[in-house]
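**Student:** Could you have a look at this structure, given as structure tokens, before my questions?
The values are calculated or read from the model by the stated rules, or taken from the named source; none is laboratory data. Keep in mind the model is a prediction, meaning the values are calculated, not measured. Please note: Cβ atoms are built from the backbone with ideal geometry, for glycine as well, and neighbour counts cover all protein chains shown. Ligands, DNA and RNA are stripped out before the accessible areas are found, and what is left, the full protein with its side chains, is counted by its heavy atoms. Shrake-Rupley method; radii C 1.70, N 1.55, O 1.52, S 1.80 Å.
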Amino acid sequence: MLSDGVMKVVAAAVVDRGRLLVVSKKAAPEVFYLPGGKAEAGESPEETLVRELSEELGVVPRDMDLLGQIEDMAALEGVPMRMTVFTARLAGRPTPAAELAALGWTDGRDDYEPRLAPAVRNQVLPLLVRAGVLVRAHHEI
């Protein structure tokens with residue numbers, strides 16, 4: 001959804017066993033993002049996330065907490081983006097569906113690092129580390 005030229009999206013930062021869940025889309029299978037998407041008319045951010053995670057991964061988010069809002073360029077669309085990020089746990093085992101090509105788990109310092117969308121690599125990972133949600137074994141960002 002674009003308003004004021006800014007694409008607004010809602011995303012889930014799901015961390016399990018020290019790794020963040022990331023997904024790629026069929027339109028750009030080489031770039032990994034957080035799961036989530038754009039709101040439909042009248043949806044709250046939480047409702048958007050529940051719908052998107054159900055459609056894309058066949059799971060239900062639990063224990064959602066607002067991590068923050070970040071602004072960056074959308075990697076695929078190339079337009080300014082405002083992403084509302086919630087931390088969440090998942091009920092169910094995530095399986096890529098709908099427009100998703102793949103999913104993976106990263107600590108941000110592995111083979112996924114160069115393929116992470118800039119907003120994930122530059123903003124979400126540092127936010128998760130500062131919030132104590134993601135602990136990195138090497139050095140802090």
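**Student:** What's the number of the condition T48 fails, among (1) within 14 Å of the chain's Cα centre (by Cα); (2) of a type in the set (S, T, Y); (3) more than 21 Å from T95 (Cβ to Cβ)?
**Tutor:** Answer for T48: the failing condition is (3).
**Student:** May I pose another question? Take region 49-105 and flag every residue that is in contact with a Gly (Cβ under 9 Å, 6 or more places away or on another chain), free of Cβ contacts under 8 Å to residues at least 24 places away in the same chain and in a strand (DSSP E or B).
**Tutor:** Matches in region 49-105: none.
Residues checked against (1) surrounded by fewer than 16 Cβ atoms within 10 Å (Cβ to Cβ); (2) within 19 Å of A119 (Cβ to Cβ); (3) β-branched (V, I, T):
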{"residue": "V10", "(1), (2), (3)": "no, yes, yes"}
{"residue": "F32", "(1), (2), (3)": "no, yes, no"}
{"residue": "G37", "(1), (2), (3)": "no, yes, no"}
{"residue": "R62", "(1), (2), (3)": "yes, no, no"}
{"residue": "I70", "(1), (2), (3)": "no, yes, yes"}
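**Student:** Still on this structure, please answer the following. Please find, among E43, E47, the residue that is open to solvent by less than 70 Å² (accessible area, probe 1.4 Å) and of a type in the set (D, E).
**Tutor:** Numbers: E47 fails: open to solvent by less than 70 Å² (accessible area, probe 1.4 Å).
Result of the check over E43, E47: E43.
**Student:** Related question: State whether the residues of region 24-32 include one that is of a type in the set (A, V, I, L, M), in contact (Cβ under 8 Å) with a residue 60 or more places away in the chain and not in a loop (DSSP other than H, G, I, E, B).
**Tutor:** Yes: region 24-32 contains one or more residues that are of a type in the set (A, V, I, L, M), in contact (Cβ under 8 Å) with a residue 60 or more places away in the chain and not in a loop (DSSP other than H, G, I, E, B).
**Student:** Would you point out which residue out of A98, A117 is surrounded by 18 or more Cβ atoms within 10 Å (Cβ to Cβ) and more than 13 Å from V10 (Cα to Cα)?
**Tutor:** On the way: A98 fails: surrounded by 18 or more Cβ atoms within 10 Å (Cβ to Cβ).
The match here is A117.
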